[in-house]
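The values are calculated or read from the model by the stated rules, or taken from the named source; none is laboratory data. Not measured: the values here are computed from a predicted model. Positions of Cβ are backbone-derived with ideal geometry, glycine not excepted, and every protein chain shown enters the neighbour counts.
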Amino acid sequence: MAAGRPVAAALAAVLSAALLAGCSSGAEEARLEHSADYSAHPHLKVTGYPVPETLGLVQQVVWRLADGSADRLVKLAAAEGSADARRAAAEEWIRAYGPGAAGEVTADFGDDPASRQTVRLTFHGTGQVKELALRMDGRDGGDGWRVLLA
């Protein structure tokens, strides 16, 4: 065996381990963030027919409204319209529904989704209702479920 091969093999092993650790730390960070969000907000009441992806998206929309986080709400948005329009819509939703989202909320999911789903949010503390339109985004839905901010 050539003198450089053991060093190269060891270096490859170390780099692979570092890459795996980096990937898993991102997943761990996301899991911890979700756990913190889940414990910091009232539980969402659900009726209808969500799938795990649409349920998770709607839960995050409600959390972002309650937190007043326009930046994080925009990250959940479908790529429709300009970035400025999505940002303005997020800020308006927060002004309008943020106080209600901080309390008891029910999400009524429409029929089993294929590529679109309508969800009716009821904010019990304020008596407000907001209808969300969810859709698969990106080329052939490759970007997953997103909310239309309009």
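Couple of notes before you dig in:
- Meets criteria (exposed (fewer than 10 other Cβ atoms within 10 Å of the Cβ), modelled with pLDDT under 95 and outside the structural domain of residue 128 (by TED's automatic domain parsing)) for residue 31: no
- Single condition residue 108 does not satisfy, out of (1) touching a residue at least 60 places away in the same chain (Cβ under 8 Å); (2) assigned to a helix (DSSP H, G or I); (3) under 23 Å from residue 42 (Cβ atoms): (2)
- In region 101-150, of all residues being among the hydroxyl-bearing types (Ser, Thr, Tyr) and closer than 19 Å to residue 48 by Cα, the one that is farthest from the chain's Cα centre (by Cα) corresponds to 122.
- Residues in region 61-75 that are within 25 Å of residue 114 (Cα to Cα) and surrounded by fewer than 19 Cβ atoms within 10 Å (Cβ to Cβ) were compared, and the one that is nearest to the chain's Cα centre (by Cα) is 75.
- A single entry from 90, 85, 66 fulfils the requirement of being under 18 Å from residue 46 (Cβ atoms) and either outside the structural domain of residue 49 (by TED's automatic domain parsing) or in a helix (DSSP H, G or I) (or both): 66.
- Scanning region 125-146 for residues that are β-branched (Val, Ile, Thr) and either outside the structural domain of residue 113 (by TED's automatic domain parsing) or surrounded by fewer than 13 Cβ atoms within 10 Å (Cβ to Cβ) (or both) yields no hits at all.
- Within region 113-124, restricting attention to residues that are of a type outside the set (A, V, I, L, M) and surrounded by fewer than 16 Cβ atoms within 10 Å (Cβ to Cβ), the residue that is farthest from residue 74 (Cα to Cα) is 124.
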